[in-house]
Amino acid sequence: MYAKCWSTREAWMVFQQMLERDIIVWNAMIMGLGMIGHEKIAFVLVGQMKNSGVKLNDNTFIGLLCSCTHTSLVNDGRRYFHNMTHVYSISPRIEHYGCMVDLLSRAGLLEEAHQLIGDMPMLANAVVWGARLGGCKIHRNADLAEYVLKQLTRLEPWNSGNYVMLSNIYSNSGRWEDAAKLRLEMKAKGIEKVAASSWVELDDKVHKFYVGDDSHPLSDKIYAKLDELGHGIPCRLSP
């Protein structure tokens with residue numbers, strides 16, 4: 001819980017105080033450290049975990065691959081993905097493939113990611129294709145993104161986020177007409193962009209807000225406070 005909330009110090013203190021650590025505890029710490037960019041410590045923990053007699057399992061490798069993804073450690077990711085099968089005899093699940101596709105796509109190795117999807121013993125799901133679409137956005141590969149969107153619309157035709165991402169890829173690539181056509185296609189299919197939202201918990205109650213939302217009973221006070229905070233923030237203009 002602490003690690004997921006980026007409270008690394010608290011998570012580490014609890015971890016160090018534990019007299020006995022099972023596989024669940026080790027994996028949680030490794031995953032948490034990897035998610036917040038402390039991949040080197042996560043890698044060291046794996047060594048300590050093995051030395052303590054706890055065997056690595058499939059979830060351990062998800063933590064390691066996530067660590068590599070968040071820090072673009074392609075070679076380390078390849079090594080862990082290879083070792084889990086050839087050294088530890090652990091068959092990769094679709095989550096492991098998803099991590100690798102995400103890692104390769106972010107690094108611009110789109111063809112290698114494509115080959116990996118083709119080599120998967122199971123059909124790629126929306127998470128795997130979504131990771132590939134994210135790589136297309138980073139590297140502005142609109143042609144490949146069109147192909148990926150076709151796969152995604154087959155799996156989740158209702159998801160407006162995929163269309164919006166391709167539209168952004170078109171725009172970033174200067175293909176304004178294609179972006180406009182895609183928005184018209186969304187309108188014709190009745191697919192609407194979902195407004196951005198956020199949640200906050202206060203007094204054991206969850207409050208949900210949308211962009212431009214004024215439906216909350218305390219909206220007047222909320223926006224008044226936002227204006228007050230906005231006026232109190234110093235603004236610097238660069239010449």
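So the values come out like this:
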item: Pairs where the first residue, in the range 158-177, is farther than 20 Å from residue 129 by Cβ and in the same structural domain as residue 143 (by TED's automatic domain parsing) and the second is modelled with pLDDT of 90 or more and of a type in the set (D, E, K, R), C-beta under 7 Å, 6+ apart; result: none
item: Matching residues, the range 83-105, being in a helix (DSSP H, G or I) and under 18 Å from residue 42 (Cβ atoms); result: 83, 84, 95, 96, 99, 100, 102, 103
item: Candidate set from the range 40-57 (those that are crowded, with 16+ Cβ neighbours inside 10 Å and of a type outside the set (Val, Ile, Thr)); member that is farthest from residue 134 (Cα to Cα); result: 49
item: Yes/no for residue 154 being free of Cβ contacts under 8 Å to residues at least 60 places away in the same chain, outside any helix (DSSP H, G or I) and either loosely packed, with under 15 Cβ neighbours inside 10 Å or out of contact with any Gly (no Cβ under 7 Å at 6 or more places or on another chain) (or both); result: no
item: Among (1) more than 18 Å from the chain's Cα centre (by Cα); (2) assigned to a helix (DSSP H, G or I); (3) surrounded by fewer than 18 Cβ atoms within 10 Å (Cβ to Cβ) - the single one residue 127 does not satisfy; result: (1)
item: Number of positions in the range 64-77 that are at pLDDT 95 or above and surrounded by fewer than 17 Cβ atoms within 10 Å (Cβ to Cβ); result: 1
item: Criterion (modelled with pLDDT of 90 or more, acidic (Asp, Glu) and under 27 Å from the mean Cα position of the chain (by Cα)) met by exactly one of 177, 156; result: 156
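The values are calculated or read from the model by the stated rules, or taken from the named source; none is laboratory data. Just so it is clear, the structure is predicted and the values come from calculations on it, not from any experiment. Please note: Cβ atoms are built from the backbone with ideal geometry, for glycine as well, and neighbour counts cover all protein chains shown.
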